[in-house]
Amino acid sequence: MHITSSNLIACIWDFDKTLIPGYMQKPLFETYAVDEQNFWKEVGALSHVYRQQNIAVTEDLLYLNHLLTYVKTGPFRGLSNQKLQQLGTALIFFEGLPTFFQTLKDVVEKNERFNAHELKLEHYIISGGLAEMIRGSKIAPYVDDIFGCEFIEEPMLPGFLHQEILPIDSEYREISQIARVIDNTTKTRFLFEINKGVNKHANLDVNASMLPEDRRIPIENMIYIADGATDVPMFSVMKERGGKTFAVHHPDNMQEFMQNDALLESGRVDCYGPADYCPGSLTYRWLTMHVEKIAERIVQARENLLQSRINKPPAFDSESQVGHSEQISLFTS
């Protein structure tokens with residue numbers, strides 16, 4: 001390990017069914033009195049409809065596009081990024097959250113041994129859900145960065161480079177285009193953004209070659225926490241590169257429990273437990289223990305490397321000193 005190697009640890013979280021019991025869009029449907037089950041049923045049928053029209057579609061784009069269709073045609077009329085943030089305040093989290101996020105930070109930052117090396121823990125959320133809703137939720141103040149699907153409200157019109165861009169009246173703002181999509185496979189891109197520090201330094205390119213010791217947060221200093229099979233690409237990348245993986249399930253859902261057990265048996269995750277983040281739960285204990293283990297490993301490696309680079313003072317050789325004294329005596333007698 002490089003003497004100036006990273007002193008950072010990262011917990012990277014999925015969102016839906018990991019931090020909250022269901023899907024974050026629920027407050028959206030309730031606020032606009034839209035039938036949630038019918039919306040998702042329509043989304044599920046879209047790929048078949050478009051295939052019949054010989055149109056190839058990206059599955060993870062379908063729900064975002066259908067949501068925008070609801071905005072354009074009326075059911076979600078007036079839905080803006082600001083409104084999405086407001087809807088995020090209604091999200092209900094699993095027991096123990098969001099205070100558990102601070103607990104994990106304190107494991108590192110309130111330990112005198114770790115503090116001497118200025119170790120820090122950062123939290124990140126990578127979700128296929130709506131970033132603005134996460135930003136409006138009560139967990140946002142505990143998070144260092146949020147990666148989710150984003151919308152544009154007012155697209156730039158042809159010729160905008162040669163025209164003055166007028167301010168938009170907030171009363172008439174409304175989402176109209178997709179700005180960013182995150183799906184189960186593209187999540188790994190944002191893992192490497194965190195790894196290399198692209199999210200902190202805009203001049204860095206996520207595809208640029210970078211030596212391991214120059215990466216902001218090594219993957220072996222990370223833990224990824226998610227709810228199941230859809231996160232296999234992330235679990236695989238983390239495991240291949242020395243990171244830790246943990247799967248959660250709803251405490252009352254036997255099917256999710258069995259799914260997580262299958263992930264453990266197949267080597268996808270290091271452990272699994274209920275989405276209960278209260279003191280004393282298996283999930284609380286495992287995550288706090290492994291954050292501490294990562295911190296201890298970083299400190300030990302840094303101290304060992306520092307010690308190996310310190311030149312030891314010359315040792316005192318009593319026999320040679322006696323011989324030297326006899327020589328002096330001969331010359332002076």
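Listed residues L282, L263; which is closer than 20 Å to F15 by Cα, touching a strand residue (DSSP E or B) at 6+ places or on another chain (Cβ under 8 Å) and crowded, with 16+ Cβ neighbours inside 10 Å?
On the way: L282 fails: crowded, with 16+ Cβ neighbours inside 10 Å.
Criteria check complete, one pass: L263.
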Next item on the list: Would you please name the residue that is farthest from A10 (Cα to Cα), looking only at residues in region 91-106 that are over 18 Å from the mean Cα position of the chain (by Cα) and crowded, with 16+ Cβ neighbours inside 10 Å?
Entry: L91
Notebook entry, point to check: Looking only at region 148-161, which residues are outside any loop (DSSP other than H, G, I, E, B) and either free of Cβ contacts under 8 Å to residues at least 24 places away in the same chain or under 24 Å from V107 (Cβ atoms) (or both)?
Noted result: F160, L161
Margin query: Just to be sure I understand, how many residues within region 58-79 are exposed (fewer than 15 other Cβ atoms within 10 Å of the Cβ) and not in a helix (DSSP H, G or I)?
Written below: 4
Item checked: Residues (in contact with a helix residue (DSSP H, G or I) (Cβ under 7 Å, 6 or more places away or on another chain), of a type in the set (A, V, I, L, M) and modelled with pLDDT of 95 or more) located in region 226-262 -> A226, M234, V237, M238, A247, V248
Check: In region 117-143, how many residues are over 13 Å from the mean Cα position of the chain (by Cα), more than 19 Å from Q102 (Cα to Cα) and in a helix (DSSP H, G or I)?
Finding: 2
Check: Pairs under 8 Å by beta carbon, first residue more than 21 Å from F29 (Cβ to Cβ) in region 40-62, partner of a type in the set (G, A, S) and assigned to a helix (DSSP H, G or I), six or more apart or different chains?
Finding: V57/S47
Next item on the list: Could you please let me know if D276 is among the acidic types (D, E), out of contact with any Gly (no Cβ under 8 Å at 6 or more places or on another chain) and under 18 Å from D14 (Cβ atoms)?
Entry: no
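Based on this model, can you work out whether G136 counts as over 26 Å from H290 (Cα atoms) and at pLDDT 95 or above?
Working: over 26 Å from H290 (Cα atoms): yes; at pLDDT 95 or above: yes.
Spelling it out, G136 is indeed over 26 Å from H290 (Cα atoms) and at pLDDT 95 or above.
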Next item on the list: Evaluate the following for N54: is it polar (S, T, N, Q) and not in a helix (DSSP H, G or I)?
Entry: yes
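Do we have H123 as of a type outside the set (A, V, I, L, M, F, W, C), under 24 Å from K196 (Cα atoms) and either modelled with pLDDT of 95 or more or touching a strand residue (DSSP E or B) at 6+ places or on another chain (Cβ under 8 Å) (or both) here?
On the way: of a type outside the set (A, V, I, L, M, F, W, C): yes; under 24 Å from K196 (Cα atoms): yes; either modelled with pLDDT of 95 or more or touching a strand residue (DSSP E or B) at 6+ places or on another chain (Cβ under 8 Å) (or both): yes.
The answer is yes for H123.
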Check: Which residues, taken from region 68-87, are more than 16 Å from I178 (Cα to Cα) and among the hydrophobic types (A, V, I, L, M, F, W, C)?
Finding: L87
Check: Residues of region 76-114 being out of contact with any helix residue (DSSP H, G or I) (no Cβ under 9 Å at 6 or more places or on another chain) and either more than 24 Å from P274 (Cβ to Cβ) or at pLDDT below 95 (or both), which ones?
Finding: K110, E112
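The values are calculated or read from the model by the stated rules, or taken from the named source; none is laboratory data. Computed from a predicted model, the values in this text were never measured in an experiment. Ideal geometry is used to build each Cβ from the backbone, glycine not excepted, and the neighbour counts take in all protein chains shown.
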